[in-house]
Amino acid sequence: MDTLLDLDRRLFLLLNGQDWPTWLDSLFVGLTRDEAWPARVFILALFLFLIIRSKAWRRRALWLIPLIAVSDSLNSQILKELFARSRPCQEAFEGMRLLVDCGPAFSFPSSHAANMGAVGTFLALGARRPWARVAILILPLLVAYSRVHVGVHYPLDILAGFLEGALLAWLWARLLTRLPARFALPPDGTKSP
């Protein structure tokens, strides 16, 4: 386990410790902040585009709300407390860059990554075309990675969080296809972009 954590720290320094261009730092700071209104506007626009297209997307949009509540609660209140891993910015080792406030909570798994994994996967599962699935996942992946770039999470936190969110979304989608027709989601990739 120590070898894995050491590798994670090295990868963190490789990704975070570089002298990146200012515009790239600004992009990832904007994506990672809770008050990142431009990213929220983009997400909202994409979200509205998707839900307006069909009844299936309106249902998917409504079921996204409890999915996020479950994902965030599971992560913030259970898993982070269970693993109790310090954030890289709390350890503040040489060569790292901290571009935003560190935050008091534990690091593993990343809630941003888990929530983005849940949202991205749940929406991508509703897309029929492979290019649409990839396009839907781009922003969630960038938001998840931004947490490493700004210095508040290790790469393993992001990977675990994103996979946790994706698995939760897949299970949620499977469950929702088994509900009565009035509430159920259609099978993946039907009546969608």
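The values are calculated or read from the model by the stated rules, or taken from the named source; none is laboratory data. All of these numbers come straight from a predicted model, not from anything done at the bench. Reconstructed Cβ throughout: ideal geometry from the backbone, glycine too, with neighbour counts over all protein chains shown.
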(request) Please identify the pairs in which a residue from region 20-35 that is within 17 Å of A144 (Cβ to Cβ) has its Cβ atom under 7 Å from the Cβ atom of a residue that is in a helix (DSSP H, G or I) and at pLDDT below 85, counting only partners at least 6 apart or on another chain. (result) G30/P38; G30/A39; L31/A39
(message) For a quick check of your reading: which helices (runs of 4 or more DSSP H) sit entirely within region 68-174 and have at least 1 residues that are of a type outside the set (V, I, T), buried (at least 16 other Cβ atoms within 10 Å of the Cβ) and more than 16 Å from the chain's Cα centre (by Cα)?
(response) 88-91, 130-149
(message) Pairs needed: first member in region 121-138, free of Cβ contacts under 8 Å to residues at least 12 places away in the same chain; second member anywhere, surrounded by 14 or more Cβ atoms within 10 Å (Cβ to Cβ); C-beta distance under 7 Å; at least 6 residues apart or different chains.
(response) R133/A124; R133/A127
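Each row is one residue, and each column tells you yes or no for (1) under 15 Å from the mean Cα position of the chain (by Cα); (2) part of a loop (DSSP other than H, G, I, E, B); (3) at pLDDT 90 or above.
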{"position": "D8", "(1), (2), (3)": "no, no, yes"}
{"position": "L15", "(1), (2), (3)": "no, no, yes"}
{"position": "W20", "(1), (2), (3)": "no, yes, yes"}
{"position": "D25", "(1), (2), (3)": "no, no, no"}
{"position": "P38", "(1), (2), (3)": "no, no, no"}
{"position": "V41", "(1), (2), (3)": "no, no, no"}
{"position": "L46", "(1), (2), (3)": "no, no, no"}
{"position": "I51", "(1), (2), (3)": "no, no, no"}
(message) Give all pairs with beta carbons closer than 8 Å in which a residue from region 155-177 that is under 23 Å from Y145 (Cβ atoms) and touching a residue at least 12 places away in the same chain (Cβ under 8 Å) meets a residue that is surrounded by 15 or more Cβ atoms within 10 Å (Cβ to Cβ) and among the basic types (K, R); count only pairs at least 6 apart in sequence or on separate chains.
(response) D157/R85; D157/R147; I158/R147
